[in-house]
Amino acid sequence: MRDFSYFRATSAAEAGKAAQQAGAMLLAGGTTLLDLAKCGVSEPDTVIDITHLSGMSGIAVDAAGARIGALARMSEVADHRDIQAAFPAVSESLSLAASAQLRNMATIGGNLLQRTRCSYFRDPGTFPACNKRNPGSGCAAIGGVTRNHAVLGTSDACIASYPGDLAVALVAFDAVVELADRRMTVDELFLVPGETPDRETLLQRGEMITGITIPASAAARNSTYIKVRDRQSYEFAAASAAVGLELEADGKTVRDIRVAIGGVATKPWRARAVEQALIGKALNLESVEKASRFAVEGAVAHGGNHYKIELAPRVVARAILKMGGLA
Ligand code: FAD
Ligand code: SF4
């Protein structure tokens with residue numbers, strides 16, 4: 001790990017300006033940034049500490065939806081009663097992430113911008129070939145050990161999966177990211193790798209997330225996040241699903257459904273084909289199992305991650321059946 005300078009910003013404007021300098025990086029909870037600095041992936045010249053900035057950690061929920069400051073801690077959001085009532089999937093996605101210690105330290109903005117857990121990406125000494133780290137150098141994962149890699153949204157240049165849980169729930173409910181002078185949906189924020197896997201989001205250098213907003217909906221209120229992983233704690237998703245469901249008054253016809261999946265794609269993945277297959281239809285075991293298969297439409301496996309093409313639709317089906325009272 002190489003030396004860097006530390007700068008404690010006194011305002012969001014000052015932080016934003018400082019972060020635009022070459023080699024500068026924002027520091028929130030530090031649980032991703034310092035990890036990546038230690039393994040030589042991130043090499044900041046200066047870290048701009050924003051953890052203490054006031055006005056960026058509030059959580060407010062009303063009839064229109066929620067606004068969560070970028071510096072709110074994962075644990076605070078997960079445990080917030082109004083978030084639990086209006087957006088159970090958001091609360092659950094955070095409770096099932098990382099560990100209690102990490103959740104107490106890590107922030108919402110930092111969580112969204114965490115980097116892939118591709119082990120080739122995180123070991124530059126042993127694996128120089130990584131187009132995400134070093135554009136044009138190749139991809140050590142393709143042809144390597146791919147159990148945790150993506151099957152959706154991949155390219156010949158990169159197959160790394162997006163590891164976060166929260167962003168999956170946010171994409172399902174059309175959440176919006178607030179920056180200093182513009183806004184975009186969380187779905188728009190994340191890019192698929194294509195030929196430029198080093199470009200992961202639409203953020204410009206130094207651009208700071210100030211908060212997120214999530215519109216209220218009946219589907220969000222009746223929602224869940226299911227995460228399947230190798231062990232029950234302290235582990236990233238092999239496959240996950242955020243599902244919100246609203247039924248008609250007859251209690252069986254789908255009025256609104258939101259489905260997004262995690263652990264299987266290069267970005268948090270909205271499964272609109274599943275939604276389209278169920279809206280206006282009767283919810284039953286058969287319709288759910290059939291529709292859930294659309295979650296992996298277009299999926300491409302690379303050896304060891306083939307199981308995800310089977311697993312993801314099952315996780316989606318389980319979440320839909322749970323919300324429909326059928327499981
Ligand atoms: P930081 O490390 O401070 O920042 C992360 C990145 O975001 C940096 O590039 C930083 O410059 C940038 N950044 C931070 N805040 C802003 C902002 N407001 N605007 C613009 N840029 C910003 N996550 C899961 O979702 N699920 C898991 O199961 C999970 N398991 C984990 C297990 C381990 C062992 C570890 C170490 C992490 C795990 N994580 C998991 C990831 C963890 O949730 C993230 O490390 C954490 O959320 C990052 O938040 P932070 O505030 O510490 O970010
Ligand atoms: Fe790098 Fe992506 Fe290949 Fe992993 S999958 S080695 S992050 S280019």
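Given R0 = 35 Å, the distance between the Cβ atoms of Ala129 and Asp181 translates into a calculated FRET efficiency of 0.40. Computed packing ranks the peptides 147-159, 3-15 as 147-159, 3-15, most packed first, by mean other Cβ atoms within 10 Å. Against the chain, whose longest principal axis is taken from its Cα atoms, helix 307-323 shows a tilt of about 60°. The label point for Lys17 and the one for Asp79, both projected 7 Å from the Cα toward the Cβ, are 3.7 nm apart.
With one equal scatterer per alpha carbon and no solvent term, the Debye-computed log10 I(q)/I(0) for segment 25-109 at 0.14, 0.24 1/Å reads -0.53, -1.14. Determine which residues of segment 20-35 fall in the zone a paramagnetic label at Asp49 would reach in this model, i.e. backbone nitrogen under 15 Å from the point 7 Å along Cα→Cβ. Of the residues in segment 20-35, 25-31, 34 have backbone N under 15 Å from the label point off Asp49. Using alpha carbon centroids, what distance separates segment 167-207 and segment 283-327, in Å? About 25 Å separates the Cα centre of segment 167-207 from the one of segment 283-327. Quotient of the Cα radius of gyration of segment 5-49 and 2.2 N^0.38 Å, N being its number of residues: 1.09.
Net charge around Gly55, counting only other residues with Cβ within less than 14 Å of its Cβ (Lys, Arg = +1; Asp, Glu = -1)?
-1
Using R0 = 35 Å, the C-beta based FRET efficiency linking Arg205 and Ala60 works out to 0.70.
None of the figures in this text is laboratory data; all of them are computed from the coordinates on show. This is a predicted model, so every value here is computed, not measured. Ideal geometry is used to build each Cβ from the backbone, glycine not excepted, and the neighbour counts take in all protein chains shown.
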